[in-house]
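Read-outs: derived from the displayed coordinates by stated rules, not from any lab. In this text the structure is predicted, and so the values were computed from the model without any measurement. Reconstructed Cβ throughout: ideal geometry from the backbone, glycine too, with neighbour counts over all protein chains shown.
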Amino acid sequence: MKILVAVKRVIDYNVQIRVKEDGSGVHTDNVKMSTNPPDDNAVEEAVKLKESGKVKEVVAITIGEEKAQETVRKALAVGADRGIHVKADSYIEPLGVAKILKKVVEKEKPDMVFLGKQAIDDDCNQTGQMLAAMLNWPQGTFSSKVNLKDKVIEIVREIDEGLETIEINLPAVVTCDLRLNEPRYASLPNIMKAKKKPMEQMVAKDLGVDLTNRIQQLKVEEPPKRKGGIKVSSVAELVSKLKNEAKVI
Ligand code: AMP
């Protein structure tokens, strides 16, 4: 069995995001970039399935600028076998990413595609679902537990009401939640070894799919600043303030 894992390069989740003065986006120059967190869980789960002997090959793919290759190298350093970098110089929306992934799926013929449940930069939560629809494959989204059987995969999904367990036929698209596992760290020797693992390069616009973005970003702005809180000395004062100042009771 083969798993294709999609990894996206995003601003590191610890970075304090700074909005550009002209409202055209956020600052990315000299900003630490990392793999989108749930994508690390997707890689970890694929590698664990390989280690269990149920999966033969794990292929990591990223779509983005030259430096996006770092996310693939990181996946290779924790156990993926080979990488694919689809070069794109500007942002591609989930629809375009899904179209590119579909093209690669047709070529690679994996049994499963693993993705993160959501990218922390655009917060779209769309790519996996769109890819499944385009491929006409079953999808298991927000997976917090997976159990790969013979030709099916059992998935525990995090939904509003709690946990839902489903079983879907392969080939399938699986999107991964942060609770799925604890991603491992890459050791220095493995980082060195990853440099020698194969990385195929493609150019997004040569893949013959329409990558025109459908969404126009009008403006990016900081959320309104929160006012500082106050301390009250008694319950009576609190009730009085809620009644007379905040007027909420
Ligand atoms: P989104 O639909 O943008 O929230 O992204 C969901 C998931 O799709 C991510 O967690 C990634 O696994 C995958 N994905 C989205 N964009 C890219 C990209 N440019 N390269 C690789 N994977 C991506």
Is one or more of the residues making up the range 204-220 closer than 30 Å to GLU44 by Cα, surrounded by 15 or more Cβ atoms within 10 Å (Cβ to Cβ) and in contact with a His (Cβ under 8 Å, 6 or more places away or on another chain)?
no
Residues being free of Cβ contacts under 8 Å to residues at least 60 places away in the same chain and either in a helix (DSSP H, G or I) or touching a Ser or Thr at 6+ places or on another chain (Cβ under 6 Å) (or both): count how many of those fall in the range 105-127.
2
Counting just the residues of the range 115-170 that are more than 10 Å from the ligand (Cβ to nearest atom) and of a type in the set (Asp, Glu), which one comes out nearest to the chain's Cα centre (by Cα)?
GLU158
Residue in the range 32-63 that is farthest from the ligand (Cβ to nearest atom), counting only those that are touching a helix residue (DSSP H, G or I) at 6+ places or on another chain (Cβ under 6 Å), of a type outside the set (A, V, I, L, M, F, W, C) and assigned to a strand (DSSP E or B):
THR35
Hits in the range 1-25 (condition: loosely packed, with under 14 Cβ neighbours inside 10 Å and either within 13 Å of the ligand (Cβ to nearest atom) or touching a residue at least 60 places away in the same chain (Cβ under 8 Å) (or both))
TYR13, LYS20, GLY23, SER24, GLY25
Can you name every residue in the range 80-136 that is buried (at least 18 other Cβ atoms within 10 Å of the Cβ) and of a type in the set (Ser, Thr, Tyr)?
THR127
Residue list for the range 45-99, filter: of a type in the set (A, V, I, L, M) and within 15 Å of the chain's Cα centre (by Cα):
ALA46, ALA60, ILE61, ILE63, ALA68, VAL72, ALA75, ILE92, LEU95, VAL97, ALA98
Residues in the range 167-192 that are in contact with a Ser or Thr (Cβ under 9 Å, 6 or more places away or on another chain) and basic (Lys, Arg): how many?
1
Looking only at the range 68-79, filter to residues that are among the small types (Gly, Ala, Ser) and touching a Ser or Thr at 6+ places or on another chain (Cβ under 9 Å); which one of those is surrounded by the fewest Cβ atoms within 10 Å (Cβ to Cβ)?
ALA68
Given (1) away from the ligand (no atom under 11 Å from the Cβ); (2) out of contact with any strand residue (DSSP E or B) (no Cβ under 7 Å at 6 or more places or on another chain); (3) more than 17 Å from MET1 (Cα to Cα), index of the condition ALA98 fails:
(1)
